[in-house]
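A short write-up of the structure that comes next.
The numbers here are math on the coordinates, done by the rules we state, and not lab data. For clarity, every value in this text was computed on a predicted model and none was experimentally measured. Positions of Cβ are generated from backbone atoms using ideal geometry, with glycine treated the same way; all protein chains shown enter the neighbour counts.
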2 protein chains.
Amino acid sequence: MTRNAEAFEALAALLGARFTRSQSDRDTHGASEAHFANMPPDAVVYPDTTAEVAQIVRICAAAEIPLIGWGAGTSLEGHAIAPRGGVTVDFNRMNAVLEVAPEDMLVTVQPGVTREALNTELRATGLFFPVDPGANASLGGMASTRASGTTAVRYGTMKSNVLGLEVVLADGTIIRTGTRAPKSSTGYDLTSLFVGSEGTLGLITELTLKLQGQPESISAAVCAFDDMHGAVNAVIATIQSGIPMARIEFVDRASAAYFNKSASAGLPDAPHLMIEFHGTEAGVAEQAERFAEIAGDFGAQGFRWASKTEERNALWAMRHNAYRSALQAFPGRAPITTDICVPISKLALAVEETAAEIEASGIPGPILGHVGDGNFHALLLPLQGDAQEWETAQKLAANMAERALRLGGTVSGEHGIGMGKMKYMIREHGDAWAVMGQIKNALDPGGVMNPGKLVPGN
Amino acid sequence: MTRNAEAFEALAALLGARFTRSQSDRDTHGASEAHFANMPPDAVVYPDTTAEVAQIVRICAAAEIPLIGWGAGTSLEGHAIAPRGGVTVDFNRMNAVLEVAPEDMLVTVQPGVTREALNTELRATGLFFPVDPGANASLGGMASTRASGTTAVRYGTMKSNVLGLEVVLADGTIIRTGTRAPKSSTGYDLTSLFVGSEGTLGLITELTLKLQGQPESISAAVCAFDDMHGAVNAVIATIQSGIPMARIEFVDRASAAYFNKSASAGLPDAPHLMIEFHGTEAGVAEQAERFAEIAGDFGAQGFRWASKTEERNALWAMRHNAYRSALQAFPGRAPITTDICVPISKLALAVEETAAEIEASGIPGPILGHVGDGNFHALLLPLQGDAQEWETAQKLAANMAERALRLGGTVSGEHGIGMGKMKYMIREHGDAWAVMGQIKNALDPGGVMNPGKLVPGN
């Protein structure tokens, strides 16, 4: 009997039917939203408690079996697939909202709670959790990948919205990071270390998150620009003016056309900005007026305001479905989704260079993005099975990453590294990448936590 | 010749007169704002460049000589004194503002730049650096201690205002963390790891900081309450209402009396709140009106508004001089300054328990604080040379720390651990403290970086 078989027997004894080696379970957990081949784990476990997670980790670590966390499977760089096999820890059963503390504007959740489930649960409290990556991701996954999305320009990324964590380390130790106080200066910021560590340092089993008060008033709008240059420069000017936008999204001409097809949006054939303001009634009105003035200077026209909840929901649903709309517009094409993030001053240059290069390639590649953060996405759509188009699309994505580095930015604003962007880590971080490796080795000397991802030699 | 002597010769050869073992230099760098005995280093160096810092570190590390960073010497828990001797690296000559990038709202500085010097330099740009701990601290020191202060309630602590660092590690390697992009999801958040690490992982030699636009309109006020309970509960209600205060400070009855003495403030004999709003003219007016309404519900009266710059400066100067005002009021008494931070819902309880206990002790101990963050300070003033009062004051400070832990908070919101609060680390962090130790050992296996502080076995 091999060591694996012994470990699997121990897991089966611990978990019963919540340990499985079925092909369908393995295949589900070997797949991702990205373009990687299916890389299934050897087994999948569905723990109910932190104590079970700790036991699972001890069993696997002793047998040198890789451990991969799994939330909703919505990550975009293959973070949760299993290139070296192992055991995938699926957190879907650990999906309880453990405590809502409205007076402290905090909530404590298990990692399998999705952001939509959390916000549904919070509805009656007048509070909400603001981080919105589009997909209905799990909060454990969002913390692990340092997710952000449309509202980060106002409310920050997961980095600033996680107050504390419970984590099972590679040796099975359970630790807690952070306190319930809003700030602290008592030692290394372990919360920020685990947020964004992509499961390579431990498995998150509980999260304490900051909540926001539902704004008294919300107003959203979409407006068109003659060209990309005008739209992006309007964003830069708005940011520099200090208007506290809650969202500001760039939508290119092609995406607007897909919205018209998929959601009968009736948008003009032009690049657009989609914006939202949160505040008091008077505050929102003032922000909207100032934005309209600034955007007008850059050629904005055809403003369509949405202050009713349903209109706003329709607007953001359209934005969140951009990926699906583009895919529908191009049957027979498969997506390579990538994101970069640059300093605000380089945003126009970065977007325009990228758009020009994509256009010259002949491959469809709509550009959208959370431009208030300097962050944008390309959805490259090479023909399925066309090796040359595939290679061209890969080259376009690589050039975007190189462009981000050249302009002082980062190769990913929010999608992360996973399987996809390891090759840029040394370029972006230099000797600091080795420091990440030293930390990894200190906390996971056996290298069992999500091997093949993020850190050198992993 | 001992190893130390050889190393000191090498440092003298490298730095000339910028290496010194003079008694006065050693004594200056063995002193602190806290109540610790003078603990001088064996030598002090004044580097001019990062390359020199790296050479200094290599020379000292090879000889196992401790290295302690020094900025402005304003830290409050003895972070920069030398309990095991060694070499203090004084960054006062590395005080250049290297680059102001208004279009990206960033600045890059050397660690010896003070926050006041930076804001003077920025005056013409319409931007400012918001973190304001009161003291004119160096930015390297502020990052090392994760400083915050009066404006953190709006703009965050150093954690959210440092975008990237250059750090010299214990082996002399120079790394850079972060990029110029507003966010990133490419690996461990090393910037957040070094911020708050109190010099135990490396020496910060350069910082890229986020800037804020100077608000169009600012309004500040002070108002009185019948009792502490009303004042603190007004803060809690204001926070929960979502009013975006730029500052909100609690000042107890005793401190108000000292302000009257030292600054002829003319305040009533009552606890006070000092507040400030930043925004557009209409926005500030609306915030002020709403605050006045909420505070009124808790008995606020005697509002004094300061919208002129000089009036506001006078108000905050008074607040920043609270420490000195209290000392002046009690000649012959020596201060023990301490801070804790609790969840907002526990703030009234924490402040009131603390005040009652201090009052019962008979030792003067004004309470002030950045109550918008749940953070408050006590300035305990035992009689110099009175062993019993000294012990009582120490016990009061210890009880505050225990109270913070009992209420789900942290033993320091912003002063940090340094020499003073090591004993609470295991209580606050449990097994997570050992994880800090593992990281320390991985990055500084020789233990040369600021030994005796923050991490276990250090």
Gyration tensor verdict on segment A:94-213 (Cα atoms; rounded if a/c is under 1.5, prolate if a/b is larger than b/c, oblate otherwise): rounded
Could you give the size of the charge dipole of segment A:250-407 about its Cα centre, using +1 on the Cβ of each K and R and -1 on the Cβ of each D and E, expressed in debye and rounded to the nearest 20? 320 debye
So for chain B, Kirkwood radius off the Cα pairs, Stokes-Einstein at 37 °C and 0.692 mPa s: how many µm² s⁻¹? 143 µm²/s
Chain B: antiparallel DSSP beta bridges as a percent of all, rounded to 5: 85 percent
Run the label-point distances for B:D48 please: 7 Å along Cα to Cβ, every other copy, nanometres, shortest first. 7.0
Give the average, rounded to an integer, of partner chain Cβ atoms located within 10 angstrom of each Cβ in B:234-246. 2
What's the magnitude of the charge dipole for the protein assembly as shown around its Cα centre, counting Lys and Arg as +1 and Asp and Glu as -1 at the beta-carbon? Answer in Debye, nearest 20. 940 debye
Which whole-Hz couplings ³J(HN,Hα) result when phi for each residue of segment B:153-159 is put into the Karplus expression 6.51 cos²θ - 1.76 cosθ + 1.60, θ = phi - 60°, listed in order with x for Gly and Pro? 4, 9, 9, x, 8, 4, 3
Just to confirm my numbers, what's the Cα centroid distance between segment A:236-306 and segment A:339-369 in Å? 19 Å
Quick one: length gained pulling B:D226 to B:R58 fully straight, 0.36 nm per residue minus the C-alpha distance? 54.5 nm
Of all beta bridges DSSP finds with both residues in segment A:3-92, what is the antiparallel percent, to the nearest 5? 20 percent
Put a dot 7 Å past each Cα toward the Cβ at A:A5 and B:E99; how far apart are the dots in nm? 6.0 nm
Value at 222 nm in deg cm²/dmol, rounded to 500, when DSSP H runs of n ≥ 4 in chain A each add -39,500 (n - 2.57): -11500 deg cm²/dmol
What FRET efficiency comes out for B:E391 versus A:A356 if R0 is 51 angstrom and r is the Cβ-Cβ distance? Round to the nearest 0.05. 0.10
Can you tell me the FRET efficiency between A:L383 and A:R427 if r is taken as the Cβ-Cβ distance and R0 is 30 Å, rounded to the nearest 0.05? 0.50
Using a 10 Å cut-off around each Cβ, can you sort A:R247, B:R406, A:R403 from fewest to most neighbouring Cβ atoms? B:R406, A:R403, A:R247
When the charge dipole of segment A:94-213 is computed with +1 at the Cβ of Lys and Arg and -1 at the Cβ of Asp and Glu, the Cα pointing farthest to the positive end, of A:I175, A:Q110, A:A135, is that of A:A135
Chain A: relative contact order in percent, alpha carbon pairs under 8 Å with at least 6 residues between: 15 percent
With only Lys, Arg, Asp and Glu charged, each at its Cβ (+1 for the first two, -1 for the last two), find how big the charge dipole of segment A:91-139 is about the Cα centre; round to the nearest 20 debye. 200 debye
Over all Cα pairs of segment B:3-92, how is the pair count split among 10 Å bins, expressed in % and running from 0 up to the last occupied bin? 19, 54, 25, 3
Determine the gain in length on full extension of the stretch B:E281-B:S241; use 0.36 nm per residue of separation and subtract their C-alpha separation, reporting nm with one decimal. 12.4 nm
Note on the protein assembly as shown, DSSP bridge orientation, antiparallel percent to nearest 5 equals 85 percent
Against the longest alpha carbon principal axis of chain B, how many degrees, from 0 to 90 and to the nearest 10, is the axis of helix B:228-241 turned? 80 degrees
Quantify how strongly other chains surround peptide B:406-415 by giving the mean number of their Cβ atoms within 10 Å of each of its Cβ atoms. 5
Interchain or long-range residues, amide H under 5 Å from B:H377's placed H: B:L368, B:G369, B:H370
What FRET efficiency comes out for the pair A:N136/A:S217, r = Cβ-Cβ distance, R0 = 25 Å, nearest 0.05? 0.45
List the distances, in nm and shortest first, from the label point of A:A237 to the matching label points in every other copy, placing each point 7 Å from Cα along the Cα-to-Cβ direction. 4.3
Exam field: B:Q388 pseudo-label spacings to other copies (7 Å along Cα-Cβ), nanometres: 9.6
What does the extension gain come out to for A:A398 and A:R290, with contour length at 0.36 nm per residue minus their alpha carbon separation? 35.1 nm
For segment B:154-229 and segment B:22-91, what is the separation of their Cα centres, given in Å? 23 Å
Given a cut-off of under 8 Å on Cα pairs at least six residues apart, what relative contact order in percent is computed for segment A:330-406? 40 percent
For a quick check: with amide H placed at 1.01 Å from N, whose amide H comes under 5 Å from B:G78's, ignoring anything fewer than 5 positions away on the same chain? B:E33, B:A34, B:M419
What order do you get for B:80-92, A:442-454, B:302-314 when each peptide is scored by the mean count of other beta carbon atoms within 10 Å, highest first? B:80-92, A:442-454, B:302-314
Order of A:T392, B:T186 - criterion: other Cβ atoms within 10 Å of each residue's Cβ, fewest first: A:T392, B:T186
Between rounded, prolate and oblate, where does segment B:327-458 land on the alpha carbon gyration tensor, with a ≥ b ≥ c its root eigenvalues, rounded for a/c under 1.5, else prolate if a/b exceeds b/c? oblate
Applied in sequence order to segment A:204-221, the curve 6.51 cos²θ - 1.76 cosθ + 1.60 (Karplus, θ = phi - 60°) yields integer Hz couplings, x standing for Gly and Pro, of 6, 10, 6, 9, 9, 10, 7, 10, 10, x, 4, x, 4, 9, 9, 9, 10, 8
Taking amide H atoms as placed 1.01 Å from N in the peptide plane, list the residues 5 or more away in sequence, or in a different chain, whose amide H sits under 5 Å from that of B:G413. A:S185, B:I340, B:C341
Label-point gap, in nm, between B:F303 and A:S24 - each point 7 angstrom along Cα→Cβ: 6.5 nm
Evaluate peptide A:436-448: per residue, the Cβ atoms of other protein chains within 10 Å of its Cβ; return the mean as an integer. 3
Determine the alpha carbon to alpha carbon distance for each of B:K159/B:K421; A:K210/B:K183; A:K261/A:K421 and list only those over 23 Å. A:K261/A:K421
Considering only B:A220, B:A80, A:Y155, whose Cα is most displaced toward the positive end of the charge dipole of the protein assembly as shown, charges sitting on Cβ of Lys, Arg (+1) and Asp, Glu (-1)? B:A80
Residue-ordered couplings for segment A:175-189, obtained by feeding phi - 60° into the Karplus form 6.51 cos²θ - 1.76 cosθ + 1.60 and rounding to whole Hz (Gly and Pro as x), are 10, 10, 10, x, 10, 8, 6, x, 8, 7, 10, 10, x, 4, 7
